[in-house]
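The values are calculated or read from the model by the stated rules, or taken from the named source; none is laboratory data. All figures in this text were calculated on a predicted structure; none of them were measured in a lab. Note: ideal-geometry Cβ built from the backbone for every residue, glycine included; neighbour counts use all protein chains shown. Side chains included, ligands, DNA and RNA excluded: accessible areas come from the protein's heavy atoms. Shrake-Rupley method; radii C 1.70, N 1.55, O 1.52, S 1.80 Å.
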Amino acid sequence: MLIEMLAAAAVVSGAGQEFAPQIPGGPERVAPRGDYRDSCSGEYVNRGRLYADCRNNRGNIRGTSIELNRCANYEIRNNDGLLVCGPNRGEFEDRPGGGGGRPDRPDRPGGGWGGGRSSVTIYRDSEFRGASFRFDNEVPNLANTGFNDTISSMQFRGEWEACTDAYYRGFCQTFRDDVRNLQRWGMNDRISSLRPVRRGDRW
C-alpha cells in the first residue's frame, strides 16, 4: 500500500510536464505544458527558463525564452514568435541585447545565440513541417543527428552551404533564402552536411 501511495504521488507531482532523458551536468530536457510545441521546436529548460525556436506570423523562426516560475498557473503559448503565458511575456533571444544570450544546449556544443549569428532550421517535410532542428554551427556529418538524407525544407539566418555527402563533399549548394521544398534544387532527402558561409572564408 505504501509503495502504491508513493507511486501515485510521483505521478501527481509530475503532471503537466513531459520529461526527456537529461544529460549529466547539462540543462534540463523537459517540455513544460502548453500548445507552443505546435509551432516551436528545439525547446529545453536551463536554470528555470524555457528556451525555444518559435515561428512568427510571417513564418520566420525567432529565438525566445520565458521564466517558468511565472507560468505555474498558465499554459505556455507562442504569440507571433514570442513565448507567453497568461499576462506574462517572454523575451526574444535572437536580437542584439535580447535575453543576454542563450546558453548552450547539451546536444548542440558551442551553440548559444548571439545577435546576428547565422543559423539554419531544418525540417523533415516540405513547407517547414515535420520534425525540425536548429543548428548554429557547422555540421560535417548529419548521420550523427538523425537527419541525414531526410531534409525537405530549410529556414536560414545568413548564408549556408549544404552538401549531399558528409564532410562537405559531393554536390554542394549555397542558400540564403528559405527553401520551402528542396525538390526543386534536386536535394530533397539528400543533404548530409551543412555549414555557414563566412565572408572571406574559402572552403
### Task
Please go through the stretch 46-70 and pick out each residue that is open to solvent by less than 10 Å² (accessible area, probe 1.4 Å) and farther than 17 Å from Arg33 by Cα.
Gly63
### Task
Could you tell me which residue of the stretch 115-140 is farthest from Glu161 (Cα to Cα), considering only residues that are modelled with pLDDT under 90 and more than 14 Å from the chain's Cα centre (by Cα)?
Gly115
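Among the residues in the stretch 57-71, are any among the basic types (Lys, Arg) and under 15 Å from the mean Cα position of the chain (by Cα)?
At the first step, the residues of the stretch 57-71 found to be among the basic types (Lys, Arg) are 58, 62, 70.
This time we only want the ones that are under 15 Å from the mean Cα position of the chain (by Cα), so: 62.
Yes, the stretch 57-71 contains at least one residue that is among the basic types (Lys, Arg) and under 15 Å from the mean Cα position of the chain (by Cα).
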### Task
Go through the stretch 168-203 and count every residue that is in contact with a helix residue (DSSP H, G or I) (Cβ under 9 Å, 6 or more places away or on another chain), polar (S, T, N, Q) and part of a strand (DSSP E or B).
2
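Would you mention how many residues in the stretch 177-203 are among the charged types (D, E, K, R) and surrounded by 14 or more Cβ atoms within 10 Å (Cβ to Cβ)?
Looking only at the stretch 177-203, we keep the residues that are among the charged types (D, E, K, R), and these are 177-178, 180, 184, 189-190, 195, 198-199, 201-202.
Checking which are surrounded by 14 or more Cβ atoms within 10 Å (Cβ to Cβ) leaves us with 178, 180, 190, 195.
Residues meeting the conditions: 4.
Does Ala72 satisfy being assigned to a loop (DSSP other than H, G, I, E, B), of a type outside the set (Ser, Thr, Tyr), over 19 Å from Phe156 (Cα atoms) and at pLDDT 55 or above?
On the way: assigned to a loop (DSSP other than H, G, I, E, B): yes; of a type outside the set (Ser, Thr, Tyr): yes; over 19 Å from Phe156 (Cα atoms): yes; at pLDDT 55 or above: yes.
So Ala72 passes the test.
So, Thr174, is that one among the β-branched types (Val, Ile, Thr), surrounded by fewer than 14 Cβ atoms within 10 Å (Cβ to Cβ) and more than 19 Å from Asn57 (Cα to Cα) or not?
Values: among the β-branched types (Val, Ile, Thr): yes; surrounded by fewer than 14 Cβ atoms within 10 Å (Cβ to Cβ): yes; more than 19 Å from Asn57 (Cα to Cα): yes.
Yes, satisfied.
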